[in-house]
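Notes for the one structure printed next.
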Amino acid sequence: METNKQQLESEKAFQSKKTNLFIILAGIFLTNAILAEIIGVKIFSGEQTLGFQPVNWKIFGDYVLDFNLTAGAVIWPVVFITTDIINEYYGKKGVRKISFITAILIAYVFLVISVVTVLPPASFWLEVNTPDPDGNAFNINYAFNTIFRQGLGIIIGSLTAFLLGQLIDVFVFQKLRAVTGPRMIWLRATGSTLVSQMIDSFVVLGIAFYVFGNWSIAQVASVGIINYVYKFSVAILLTPLLYLGHYLIDRYLGKEAAEKMTKEASSDTSFL
């Protein structure tokens, strides 16, 4: 009787840790994914950030290629790492669940932003925020709307690329895990990122700026290449953080519980 009671308490403690861990990982995933979508409207120069002049490479004819990136790309690698950790311990179902929740919340964020940007601004708010520090006329309402409002094409492209990239990532990750077993975390993490981010980098640009915009295929390909190279490179550089995350989680769960979760997570290798 005492043994059964201890087993029940042990199982209860395990389920509590499992739930708490998922909440923490989901919170990190949601925060960074949504934040990346919001700040992604800013394009920054990678070369000037590092103190270099733009390279001005010519690619696909006369199209000039610089290392310009969306601000959202800066924190997107955090989403990669979190996806792989969720995949490792919660499997396809865990990643799919948090991915669909995130997509719904991103759509909600865009909906709220589109509503608040049409609200008439208060006169005093316009007055106290003009001119700018250099003495130039400044319309803060126009600036607010320009920064936060995104076109329908960008919204559709972002959501499509996000969901497609996540589904492909979890599928490739699980297939590689079936081959490597619990070993070679770096291979399945890097391999899944290599494939999924190739899709993500080009789908979002193709839908947002080619289908709904006026970009050429050459422009989509050029910017997509830079985004892909950055995301993949940073994902490789952050591999030590992936191992650190695994170490901390295994220590929190306990070796036996961690092995139990990873074994269950690796059992389903289907795409959907």
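The values are calculated or read from the model by the stated rules, or taken from the named source; none is laboratory data. None of these values were measured; they are calculated from a predicted model. Every residue, glycine among them, receives a Cβ derived from its backbone with ideal geometry; neighbour counts consider all protein chains shown. Calculation scope for accessible area: heavy atoms of the full protein, side chains included, ligands and nucleic acids excluded. Shrake-Rupley method; radii C 1.70, N 1.55, O 1.52, S 1.80 Å.
A few comments on the model shown:
- Of residues in region 253-272 being open to solvent by 90 Å² or more (accessible area, probe 1.4 Å) and either of a type in the set (A, V, I, L, M, F, W, C) or in a helix (DSSP H, G or I) (or both), the one modelled with the lowest pLDDT: LEU272
- Test set (1) surrounded by fewer than 19 Cβ atoms within 10 Å (Cβ to Cβ); (2) in a helix (DSSP H, G or I); (3) free of Cβ contacts under 8 Å to residues at least 60 places away in the same chain; (4) not basic (Lys, Arg) - LEU163 fails condition number: (3)
- In region 148-186, residue modelled with the lowest pLDDT [restricted to those that are aromatic (Phe, Trp, Tyr) and in contact with a Leu (Cβ under 9 Å, 6 or more places away or on another chain)]: TRP186
- Some residue of region 139-147 being modelled with pLDDT under 85 and under 30 Å from PHE29 (Cα atoms): yes
Conditions (1) open to solvent by less than 20 Å² (accessible area, probe 1.4 Å); (2) in contact with a strand residue (DSSP E or B) (Cβ under 6 Å, 6 or more places away or on another chain), marked per residue:
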| residue | (1), (2) |
| --- | --- |
| TYR142 | no, no |
| GLY153 | yes, no |
| ASP169 | yes, no |
| PHE202 | no, no |
| ALA218 | no, yes |
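- Restricting attention to region 110-124 and to residues that are touching a helix residue (DSSP H, G or I) at 6+ places or on another chain (Cβ under 6 Å) and open to solvent by 10 Å² or more (accessible area, probe 1.4 Å), the residue that is modelled with the highest pLDDT turns out to be PRO121.
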